[in-house]
Amino acid sequence: MLNAAHWTARLSEVAAQARVCGATLGIWSDGQEVLAASGVLNSATQVPVTPDSLFQIGSITKIWTATMIMQLIEEGQLSLDTTVADVLPGTRLGPSDAGGQVTVQHLLTHTSGIDGDIFTDTGRGDECVQRYVEELAAVPSTFPVGAAYSYCNSGYVLLGRIIEVLDGKSWDKSLRDRLIGPLALTRTVTLPEEAILHRAAVGHDSAGVPVRVWGLPRSVGPAGLITATAGDLLTFARLHLAGGILPDGKRILSEASVSAMRQPRAAIPDFAAPGAAIGLGWRLGSWGGRGIFGHDGDTVGQSAYLRIDPEARLAACLLTNAAESESLFRELFDEVFGDLAGVTMPAIPLPARSAGPPDQVTGLVTVAADLDLERHVGRYERTSRRFDVSVRDGRLHLVLTVTGKLADLFNSEPEELILYPADSSGDRFVLRSREDEPWIPLSFGHLPDRTPYVYFTGRVNTRVG
C-alpha cells in the first residue's frame with residue numbers, strides 16, 4: 001500500500017536539502033497512485049505547490065512525439081526507413097543536404113548527425129515549426145548520418161513537422177487529438193497562455209532566483225514544450241505500461257509498437273550507465289539487472305524525470321522548478337524503486353584513486369599524474385556550446401561556454417571546471433561545479449573517421465581546433 005503522507009514528507013525533506021524551490025512527485029504502482037507536492041511555484045510570490053500544479057516536462061515531450069510517429073507508422077503513412085526527403089520533399093538538411101539519408105529511425109534514435117541544440121525562435125504562429133525546419137538548411141551536420149549517438153532536439157522538431165504534414169494540422173493540435181484527448185488529460189498543455197489558467201510553476205536558476213524567460217520558444221515544441229501535472233504524466237506512462245491501451249479499454253497504439261519503442265537501437269556511450277541504449281525515443285537502462293526505461297527533461301530553470309519498471313509495474317515521475325535537481329531525483333528514486341521494486345540506480349562515477357599527493361582543492365588522490373592529458377587539448381564545439389580543454393598544473397581544465405540562442409535563454413557565463421579521471425583509461429573523467437552536486441561524467445572518443453570528440457550530457461562535440 002502506497003503511503004501518501006510518507007512520500008509527501010520525504011519529498012519535502014529531500015527537496016529542502018537539495019535546495020529545490022518546488023516539486024511534485026508521482027508514483028503509480030500496480031494500480032495505486034500517490035501524488036505529493038512540496039515548496040512553492042515561484043519564490044517571488046510564494047504560491048504553494050499542490051499535486052495539481054503544472055510543471056514543464058521538457059524533453060519528456062519527445063516520447064509523446066515518438067508515440068504519435070508510431071501511430072502514423074501503424075496507419076501506413078510512413079515507416080522507420082522513410083527519409084526526410086521522402087516525407088518532407090524540398091526540405092534541406094545542412095549545406096550538403098542529408099535529407100535523402102536521414103530516416104525516421106535516425107531522428108527517433110538521435111543518430112542523424114544533425115546539430116541538435118538549435119533553439120531558433122521562429123514566432124508564435126502555427127507555422128513556427130515549418131519555419132524552424134526550413135532554417136535547418138543552413139545548419140551543418142556534426143558527424144555522418146548514423147555514425148554516433150548524440151542527443152538531438154532538432155531531430156524531434158523534424159519529427160513534429162512530419163506529424164504536421166501527414167495530419168494536416170499543427171503539432172499542438174495533433175497532440176491534443178491523438179493523445180491528450182483520448183487519455184482524458186485535463187492539465188496537459190503546450191502554450192503559456194494555456195498554462196496560466198492553472199497553477200503553473202516558474203523556473204529558477206542555480207541561485208534560486210526566478211528566471212527571466214518562462215519557457216522555450218514554440219518552434220521547438222515537439223522536442224520539449226509540454227507542461228503537465230505529475231498525475232497526467234503518470235497517465236501517459238501507464239499507456240506504455242498497458243501496451244497501448246487506454247484506461248477505458250480502447251487501444252490507441254499496438255502492443256508491437258509499444259514493444260518496438262523499448263528495443264535497443266543504438267548504444268549510448270555513457271560510462272556512468274553501462275549498457276545504456278536508445279530505443280525509439282525511450283532511454284533504456286539497467287538497474288540491478290532489471291530493465292528500466294524513461295526520459296528526463298530540462299527547460300529554462302525547470303527539470304523533470306520519468307522512470308518505468310515494466311516488470312514491477314511501477315512508474316514514477318518528479319517535476320521540479322529548479323535548474324539543478326539531480327541529487328533530489330537520485331535520492332528519491334533510489335527510495336521509490338528500492339522500496340517498491342527492490343532495485344536502485346547505478347552509482348555515480350567518482351574520481352579514481354591511486355597513490356600520490358591529494359589534490360589541494362578537493363583533497364582527492366587521483367590518477368591524473370599517470371595519464372597523457374595533452375592529447376585531449378583543444379577546442380570542441382557545436383551550436384550552443386563550446387569546450388576549451390587545456391592542461392595546467394598536471395590537471396585537465398575545461399572552460400564551458402554556452403553560445404548562441406541558448407545563451408540568450410539561460411543568461412549563462414563561461415564556467416571553468418577541473419576534469420578528474422574516473423579510471424586509468426585517460427578518456428573518462430568526472431566534474432562538478434559545487435561540492436554538494438553529484439559528479440557528472442565526461443569522456444573523450446573518436447568517430448569512425450577518427451575525428452576526436454568530447455561526449456558530455458548526451459552530446460558529441462567534435463574537435464575544431
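The values are calculated or read from the model by the stated rules, or taken from the named source; none is laboratory data. The shown structure was predicted, so the numbers you read here are calculated from the model rather than taken from an experiment. For neighbour counting, all protein chains shown are included, and Cβ atoms are generated from backbone atoms with ideal geometry for every residue, glycine included. All accessible areas refer to the heavy atoms of the entire protein, side chains included, with ligands and DNA or RNA removed. Shrake-Rupley method; radii C 1.70, N 1.55, O 1.52, S 1.80 Å.
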Original post:
Residue check, Arg161 against (1) buried (at least 21 other Cβ atoms within 10 Å of the Cβ); (2) at positive phi, all met but one. Which one?
Top reply: (2)
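Sort out which residues of the stretch 48-80 are assigned to a loop (DSSP other than H, G, I, E, B) and open to solvent by less than 10 Å² (accessible area, probe 1.4 Å), and write them in order of number.
Listed by number, the residues that qualify are Ser53, Ile57.
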**OP:** Name, by its number, the condition in (1) over 23 Å from the mean Cα position of the chain (by Cα); (2) more than 30 Å from Ser206 (Cα to Cα) that does not hold for Ser12.
**Re:** (2)
**OP:** Kindly establish whether Asp296 is part of a helix (DSSP H, G or I), open to solvent by 10 Å² or more (accessible area, probe 1.4 Å), closer than 18 Å to Lys62 by Cβ and not hydrophobic (A, V, I, L, M, F, W, C).
**Re:** no
**OP:** Could you figure out which of (1) without any contact (Cβ under 8 Å) to a residue 60 or more places away in the chain; (2) of a type outside the set (Val, Ile, Thr); (3) outside any helix (DSSP H, G or I) isn't true of Ala407?
**Re:** (3)
Original post:
When you go through (1) part of a loop (DSSP other than H, G, I, E, B); (2) of a type outside the set (Lys, Arg); (3) more than 27 Å from Phe119 (Cβ to Cβ) one by one for Asp339, which number turns out not to apply?
Top reply: (1)
Subject >> Residues within the stretch 302-325 that are open to solvent by 10 Å² or more (accessible area, probe 1.4 Å) and at pLDDT 95 or above, tallied >> reply: 6
Subject >> Breaking point among (1) part of a loop (DSSP other than H, G, I, E, B); (2) touching a strand residue (DSSP E or B) at 6+ places or on another chain (Cβ under 8 Å), for Thr45 >> reply: (2)
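Out of all the residues in the stretch 194-201, is one or more touching a residue at least 40 places away in the same chain (Cβ under 8 Å) and open to solvent by less than 10 Å² (accessible area, probe 1.4 Å)?
The answer is yes; a qualifying residue exists.
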**OP:** Filter the stretch 207-263 for residues that are open to solvent by 20 Å² or more (accessible area, probe 1.4 Å), of a type in the set (Val, Ile, Thr) and either more than 13 Å from Leu185 (Cβ to Cβ) or over 22 Å from the mean Cα position of the chain (by Cα) (or both) and give the result.
**Re:** Val209, Val211, Val213, Ile245, Ile252
Original post:
In the stretch 373-396, which residues are under 25 Å from Asp115 (Cα atoms), in a strand (DSSP E or B) and touching a Leu at 6+ places or on another chain (Cβ under 8 Å)?
Top reply: Arg385, Arg386, Phe387, Asp388, Val389, Ser390
**OP:** Spot the failing condition for Val14; the list is (1) open to solvent by less than 10 Å² (accessible area, probe 1.4 Å); (2) in a helix (DSSP H, G or I); (3) touching a Gly at 6+ places or on another chain (Cβ under 9 Å), and only one is missed.
**Re:** (3)
**OP:** Could you tell me which numbered condition Pro274 fails, if it satisfies all but one of (1) surrounded by fewer than 18 Cβ atoms within 10 Å (Cβ to Cβ); (2) in a helix (DSSP H, G or I)?
**Re:** (2)
